[in-house]
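**Q** Would you mind keeping the following structure in view while I ask a few things?
The values are calculated or read from the model by the stated rules, or taken from the named source; none is laboratory data. In this text the structure is predicted, and so the values were computed from the model without any measurement. Positions of Cβ are backbone-derived with ideal geometry, glycine not excepted, and every protein chain shown enters the neighbour counts.
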Amino acid sequence: MLMKKTAKALDIAVFITSQSALDPVTTAQIAAGLGLSPSYTEALLRELREAGLIQAHRGPGGGYRILGKPQDISLWDVVRHFEEVPVFDEVYPDDSHPLKALEVGIQGHLQSVLQAQSLADVAQPHMPKPVHMGAVLGQFRLKPMPQPIVPRAPNSVFQLSMMV
């Protein structure tokens with residue numbers, strides 16, 4: 001099972017891959033496109049940049065791009081920078097423990113599935129959909145406010161003579 005942070009980093013890498021064919025993708029575009037806060041997005045972008053998976057372009061027209069060819073970067077390349085791969089010999093020193101073989105098998109299967117898919121493989125079919133306000137509001141809808149009622153009465157004693 002992947003941590004939420006790892007899943008969001010994968011989302012960001014796929015988003016950048018699918019959007020940055022012509023121009024770099026800005027932090028604001030990524031945050032809005034994925035429904036993340038700009039500060040959380042920036043923190044994940046920093047880690048992806050330090051891992052050597054993306055590059056930043058500063059200044060006008062700047063943003064983020066994938067470093068290298070997306071077809072050469074597997075999903076595992078992203079995941080391994082965010083997940084700590086467990087050493088099962090430390091957890092289960094006895095090789096006959098029944099859970100050791102199960103967990104080693106699960107870890108190996110997850111790694112092989114993620115290595116088999118590149119960023120280019122998943123970028124095009126899974127373009128994120130823009131966030132709609134209906135989804136944000138959910139089931140709660142506000143009715144329109146009625147028109148305010150303006151009384152036709154004098155505002156002071158001095159206007160009393162004008163109303164007659």
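**Q** Could you please find all residues in the range 50-61 being closer than 16 Å to T6 by Cα and in a loop (DSSP other than H, G, I, E, B)? Talk me through it step by step, then tell me what you get.
**A** From the range 50-61, those closer than 16 Å to T6 by Cα are 50-54; that's our starting set.
Within the range 50-61, A51, G52, L53 qualify.
**Q** With the requirement that a residue be closer than 14 Å to L10 by Cα and either surrounded by 13 or more Cβ atoms within 10 Å (Cβ to Cβ) or touching a residue at least 24 places away in the same chain (Cβ under 8 Å) (or both), what does the range 45-63 give you?
**A** Passing the criteria: L45, E47, L48, R49, A51, L53, I54.
**Q** Would you confirm whether any residue within the range 9-20 is more than 20 Å from V79 (Cβ to Cβ), touching a residue at least 12 places away in the same chain (Cβ under 8 Å) and of a type in the set (A, V, I, L, M, F, W, C)? Step through it out loud before you land on a result.
**A** Going through the range 9-20, the residues more than 20 Å from V79 (Cβ to Cβ) turn out to be 19-20.
If we keep only those that are touching a residue at least 12 places away in the same chain (Cβ under 8 Å) as well, we get 19-20.
Then keep just the ones that are of a type in the set (A, V, I, L, M, F, W, C); that gives none.
Looking for residues that are more than 20 Å from V79 (Cβ to Cβ), touching a residue at least 12 places away in the same chain (Cβ under 8 Å) and of a type in the set (A, V, I, L, M, F, W, C), one finds none in the range 9-20, hence no.
**Q** To continue, here is another question. For the range 24-44: of the residues being outside any loop (DSSP other than H, G, I, E, B) and free of Cβ contacts under 8 Å to residues at least 12 places away in the same chain, which is nearest to D77 (Cα to Cα)?
**A** Once the filter is applied, the top-ranked residue is A43.
**Q** Of the numbered conditions (1) within 28 Å of L22 (Cβ to Cβ); (2) modelled with pLDDT of 90 or more; (3) not acidic (D, E), A116 satisfies every one except a single condition; which is it?
**A** For A116, the failing item is (1).
**Q** Determine which single condition R80 fails, assuming it passes every other condition in (1) at pLDDT 75 or above; (2) touching a Phe, Trp or Tyr at 6+ places or on another chain (Cβ under 6 Å); (3) of a type outside the set (S, T, N, Q); (4) over 19 Å from I30 (Cβ atoms).
**A** Failing condition for R80: (2).
**Q** Shifting gears a bit: More than 26 Å from L110 (Cβ to Cβ) and assigned to a helix (DSSP H, G or I): does that describe E47?
**A** It is false that E47 is more than 26 Å from L110 (Cβ to Cβ) and assigned to a helix (DSSP H, G or I).
**Q** Please indicate, with yes or no, whether at least one residue in the range 98-111 is surrounded by 11 or more Cβ atoms within 10 Å (Cβ to Cβ), closer than 22 Å to K4 by Cα and either at pLDDT 90 or above or among the basic types (K, R) (or both).
**A** no
**Q** Just to be sure I understand the filter: pairs with C-beta atoms under 7 Å, separated by 6 or more residues or on different chains, first member in the range 78-95 and under 23 Å from E50 (Cβ atoms), second member at pLDDT 85 or above and β-branched (V, I, T). Which pairs pass?
**A** If the second residue must be at pLDDT 85 or above and β-branched (V, I, T), the pairs left are V79/T6; F82/T6; E83/T6.
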